[in-house]
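Peer 1: I am attaching a structure below and will ask some questions about it afterwards.
Nothing in this text is a laboratory measurement; each read-out follows from the coordinates by a stated rule. Just so it is clear, the structure is predicted and the values come from calculations on it, not from any experiment. Every residue, glycine as well, gets a Cβ built from its backbone with ideal geometry; the counts of neighbours run over all protein chains shown.
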Amino acid sequence: MVHRRQLAVLLPAVAFAMAMSGCGERPAPPPPPPPPVQSAWTPADSQDVAKQMIDAAARDQWVSEFTGKAGHPPHILIGDIVDRSNDSVDMKELSNDLQAAITASGTLVLANGRDDCDATLVGGIDRQAVGDSAYEYALDLHLTGTAHGDPVWVRSVERRKTITPSP
């Protein structure tokens, strides 16, 4: 049987051991969220690539042939442009820049909807790591004629971008 003297020594020792073992402590906070996807792609890249691609489409032989046959410039609808860049490109911004470039082209017309379009612009953008601090972006676009469903224009552009480390 435990005597009072032993109990008086044992109780503080047990209380001290419990305090040191973490009993009653709050759990550790959850780990921080992962950092956002690093991207070297900027709004200026979206604008430049959109202008480059739409300028090339507007100068293509297909446009003059279509305009000669139909009697009006082609009405272009922005269709699905698939993001395979791991969410590093703002697709809404790219789509808006493509629309603005079509409107500014002078030879293409931005369609109001599927019933108004002569061709649909579709494609995708990819991103691949090149070393530890650079990415290669590849934007592939093509115009598909609505009358026959065949591509009437296809173009790709690649852009290498370096990630600038945060201070």
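Peer 1: Restricting to region 55-114, count the residues that are among the charged types (D, E, K, R), within 23 Å of residue 128 (Cβ to Cβ) and touching a strand residue (DSSP E or B) at 6+ places or on another chain (Cβ under 9 Å).
Peer 2: Matching residues across region 55-114 total 3.
Peer 1: Right, something else. Are any residues in region 67-83 surrounded by 13 or more Cβ atoms within 10 Å (Cβ to Cβ) and over 16 Å from residue 102 (Cα atoms), and if so, which ones?
Peer 2: 83
Peer 1: A follow-up question, please. Checking the condition in contact (Cβ under 8 Å) with a residue 12 or more places away in the chain, within 30 Å of residue 161 (Cα to Cα) and among the β-branched types (Val, Ile, Thr), which residue from 109, 122 passes? Spell out the reasoning first.
Peer 2: Working: 109 fails: within 30 Å of residue 161 (Cα to Cα).
Exactly one residue qualifies, and that residue is 122.
Peer 1: How about region 71-91: which of its residues are of a type in the set (Asp, Glu) and not in a loop (DSSP other than H, G, I, E, B)?
Peer 2: Once the filter is applied, which keeps residues that are of a type in the set (Asp, Glu) and not in a loop (DSSP other than H, G, I, E, B), region 71-91 yields 80, 83.
Peer 1: Go through region 117-154 and give me each residue that's of a type in the set (Asp, Glu) and surrounded by 13 or more Cβ atoms within 10 Å (Cβ to Cβ).
Peer 2: Scanning region 117-154 gives 118, 126, 136, 140.
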